[in-house]
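The values are calculated or read from the model by the stated rules, or taken from the named source; none is laboratory data. All of these numbers come straight from a predicted model, not from anything done at the bench. Virtual Cβ from ideal backbone geometry, glycine too; neighbours counted across all protein chains shown. Surface accessibility is based on the protein's heavy atoms, side chains included, excluding ligands, DNA and RNA. Shrake-Rupley method; radii C 1.70, N 1.55, O 1.52, S 1.80 Å.
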Amino acid sequence: MPRRPPRDQHFLIDERVADRIAGYAELSGDERVLEIGGGTGVLTGRLVDRCAELTVVEVDGSLASGLEKRYPSAKVVHGDALDVEYPDFDVCVSNLPYSVSSGVTFRLLEHDFDRAVLMYQREFAERLLAEPGTKEYGRLTVAVNLYSSVEHLEDVPRAAFRPRPRVDSSVVLLRRRAPPYEVRDEELLLNLLRAVFTQRRKKTRNGLLNTLHMTGLDEERVNSLDADTLERRPEDLSPAEFAGLSNQLA
Ligand code: SAH
């Protein structure tokens, strides 16, 4: 039997938080806006009159038709945010369904938008914002950093939602930009990250030697990399240092 996807339906009931989230987006009025998980429309209603075009993706059929009726000028896409095609957009403003945070974030980053104001589960936001050397720092941190800057905007307590979730939330701002360091081969870098972060507590040299099947590298190429970097652990390397490693291989 196909598993019904979790719907993460926790609606924002604190109007001031909703006002601030819409405010952070600093909409100019002539931008194309995308909202993922419109729900009952607490954000939708604050976006629809402040943009040129609003597209709202909502997986729940009855919520989607409710949004359609209440906001006839918005384009409501009834479907799963991991599957449906996103329109071209300048700004994304969403209280994300938390079970698809990672998938939706990477899908957003495939698009050429300007900025995104996103509410995440707090722990997920902390991973986006993490510094090297912390336990939250990892592949997600480096990969998102490759495509955007990340800024913390505010923490939102669980009491701001109904039904009350079992987790806290945080609002962050992503600004899409080219990486502030050279990346010769993005695929190679992403591959390298996938491999070494399965071995985050090992020295990078051993991590790479243990994952040759994932990267297609061989021992000789691993040992040709900068020796000081190879002596450190992946969790201690900055995004720029990872880029440096992958550039040596590109
Ligand atoms: N933005 C609203 C709703 C947030 S709750 C608010 O702030 O109150 C998350 C919403 O995302 C719910 O309406 C849920 O039905 C929807 N949702 C859950 N999983 C989804 C998915 N995979 N694709 C699109 N929408 C999804």
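I need the per residue convex hull volume for the range 124-244, using only the alpha carbons, in cubic angstrom as a whole number. Walk me through the numbers on the way to the answer.
Working: hull volume 14.5 nm³, N = 121.
Hull volume normalised by residue count: 120 Å³.
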Using a Cα-Cα cut-off of under 17 Å, which aspartates and glutamates could be cross-linked to residue 203, ignoring same-chain neighbours fewer than 8 residues away? 218, 219, 220, 226, 228, 231, 235, 236, 241
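Only loop residues by DSSP count here, and only those with at most 16 other Cβ atoms within 10 Å; note down the GluC sites (Glu not before Pro) in the range 220-250 that meet that.
On the way: sites: 220, 231, 235, 241; in loops: 231.
Here the sparse-neighbourhood loop sites are 231.
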Antiparallel DSSP bridges in the chain: what percent, to the nearest 5? 50 percent
Rounded, prolate or oblate (a/c below 1.5 giving rounded, otherwise prolate when a/b exceeds b/c) for the range 186-249 by Cα gyration tensor: rounded
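Net charge near residue 165: determine it from the other residues with C-beta under 14 Å of the C-beta of residue 165, scoring Lys and Arg +1 and Asp and Glu -1.
Local net charge: +1.
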Based on Cβ point charges of +1 for Lys and Arg and -1 for Asp and Glu, what charge dipole magnitude is obtained for the chain about its Cα centre, in debye rounded to the nearest 20? 980 debye
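Given a 1.4 Å probe, how much area per residue of the range 186-249 is accessible, in Å²?
Here the residues of the range 186-249 average 49 Å² of exposed surface.
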Please provide three numbers in whole Å: the alpha-carbon extents of the range 11-176 along the principal axes, with the largest listed first. 49, 34, 29
At 1.4 Å probe size, what's the solvent-accessible area of residue 203? Round to the nearest 10 Å². 90 Å²
Any GluC sites (Glu not before Pro) in the range 62-131 that lie in a DSSP loop and have at most 16 other Cβ atoms within 10 Å would be 85, 110
Compute the accessible area per residue over the range 35-123, keeping the other protein chains in place, probe 1.4 Å, unit Å². 40 Å²
What residue among 184, 115, 221 shows peak mean-square fluctuation when the chain is described by a Gaussian network model with Cα springs under 10 Å? 221
On the full set of protein chains, 1.4 Å probe, figure out the accessible area of residue 242 and give it in Å² to the nearest 10. 0 Å²
Kindly provide the helix-only [θ] at 222 nm of the chain, computed as the sum of -39,500 (n - 2.57) over DSSP H runs of four or more divided by all residues, to the nearest 500 deg cm²/dmol? -9500 deg cm²/dmol
Using a 1.4 Å probe over the heavy atoms of the protein chains, calculate the carbon and sulfur portion of the accessible area of the chain as a whole percent. 45 percent
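Report Rg(Cα)/(2.2 N^0.38 Å) for the range 1-57, keeping two decimals.
On the way: Rg = 13.3 Å, N = 57, 2.2 N^0.38 = 10.2 Å.
So the range 1-57 has a normalised radius of gyration of 1.31.
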